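Encoded as structure tokens, the structure appears first; notes follow it.
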């Protein structure tokens, strides 16, 4: 259950709204753990959203994006059943990807 | 808007007589809910489950945005996976609960006539594990909180329905929980009621103090300051520490009884857990 | 210390999300990386790393957009709380009423690094994005939008109080 991405994509009136919640610690590198040791920075750097393979949004994130990031945006077009792809890569080179269908 | 206000606020009458001779939960319930309804006439009964958000528009607006895609969604998803995972003996959690564990969270904490003790949902989950050969989990956070989040989500909106049966042991547990709630403790010498009854709706540093009515209805909770989901017991420990009192053990009779009393006082309110708080 | 109009939550989205999560329809998305061929990982090399280590608005915009010249505009609407209920999770969104928006950025001027996040916005995608960011202390938050190559912005002071003990 390490790299989950929850997606809600809904089309209405000729456009599609995408909401996603991405499981990631987004450690800033400024916070100490209970033992007083700095928790190293660990955050998503690039996240990409596609609709039927075409990029509809690229996000560049830094350590100031909240833990388990949320994002909401919309694009023109899209209909029920179309695939929405989400993929990310973080500063440690870890990646995750998922696909969901527009409702 | 600091501690001084709380002192001023103690001028308000407490909703319940502190030294009842014979426990009368039904009468207490009426007095307790009636007190808050009268004090905050703009807040209907069912809205109390939203705690601090009845007292700060700015907090409420942020919360509404946050629960559009709530941060506890992962806990619910992970909790479902755990809930559906078989124990080594092939059974699942569903085998331990009425209705397979779905839509029953509103009936906890439950009095167990066999042991004569109060069983909150977390304890019931651990009992189920032990009965099926698995080790107990932490009652405050992590996997057990996730399972509780999932189970509670299947009771979303159901009226809380905690029963105190006519059993002297159940009445005694209820009474002990009530006494715990109204007893002053810790270096600051505050009771739970000092903050959540007398000072309800006021600010304590950055926080709005949620009224005792509705206080248990959104658990387990995702607190942004925790960064994950925690159980009611986790909050009890936090609130004990806040007044510099020694917290009880997570599994203690004291916390079970306290949860019993507090949740009984919320009878009729809708389950709103898992919830999100600052 | 007085109540506001009590809210009985009829949060349809919360319900839908919970229901979908419980049913495994929104949530059944736990595939680890690489097992899912259709969506390749984005290229980390496109990351504007330099823009994320600057300590001023000018330096950040320069690194991100190649210019630090920006005009405050009523055509950029921004939503952020007056007082953050918790600095760790502050909902911030912008909505630009402008043609040919190609990129946007959210800055928090008093954070250790000014840049919180940035977006590349292709044609067909609305220049309106909501996300949640961390604020270390009370700060001005700025939404910058690149429209036809020019930068326009909206800003708001967000107060961060200490809260949440226990």
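Each reported figure results from applying straightforward, stated rules to the coordinates on display, with no laboratory input. Computed from a predicted structure; not experimentally measured. Note: ideal-geometry Cβ built from the backbone for every residue, glycine included; neighbour counts use all protein chains shown.
One table, with the values for the structure above:
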read-out: Packing-based exposure ordering (other Cβ within 10 Å, fewest first) of B:223, B:185; value: B:185, B:223
read-out: Size-normalised alpha-carbon gyration radius of the range B:157-278, reference 2.2 N^0.38 Å; value: 1.04
read-out: Shielding by other protein chains, C:110-121, mean Cβ within 10 Å; value: 5
read-out: Extension gain from residue B:253 to residue B:94, taking 0.36 nm per residue of separation minus the Cα-Cα distance; value: 54.7 nm
read-out: Computed FRET value (nearest 0.05) for residue C:43 with residue A:32, which takes r as the C-beta separation and R₀ as 41 Å; value: 0.80
read-out: Mean residue ellipticity (222 nm) of chain B, computed from DSSP H runs ≥ 4 via -39,500 (n - 2.57), nearest 500; value: -11500 deg cm²/dmol
read-out: Overall Cα dimensions of the range B:30-278 - principal axes, largest extent first, Å; value: 52, 45, 32
read-out: Inter-chain shielding of B:222-228 (mean C-beta neighbours from other protein chains, 10 Å cut-off); value: 6
read-out: Number of partner chain Cβ atoms within 10 Å, mean per residue of B:42-49; value: 4
read-out: Cα-projected label distance for residue A:10 with residue C:58, points at 7 Å along beta-carbon direction, nm; value: 4.5 nm
read-out: Expected-Rg normalisation [2.2 N^0.38 Å, Cα atoms] applied to the protein assembly as shown; value: 1.01
read-out: Least to most buried among B:92, B:152 (fewest other Cβ within 10 Å first); value: B:92, B:152
read-out: Cβ-Cβ FRET estimate between residue C:71 and residue B:58, R0 fixed at 41 Å, reported to 0.05; value: 0.90
read-out: Dimensionless Rg over Rh [the range C:73-166; C-alpha; Kirkwood]; value: 1.01
read-out: Efficiency of FRET from Cβ geometry, residue B:187 and residue C:110, R₀ 51 Å, rounded to 0.05; value: 0.90
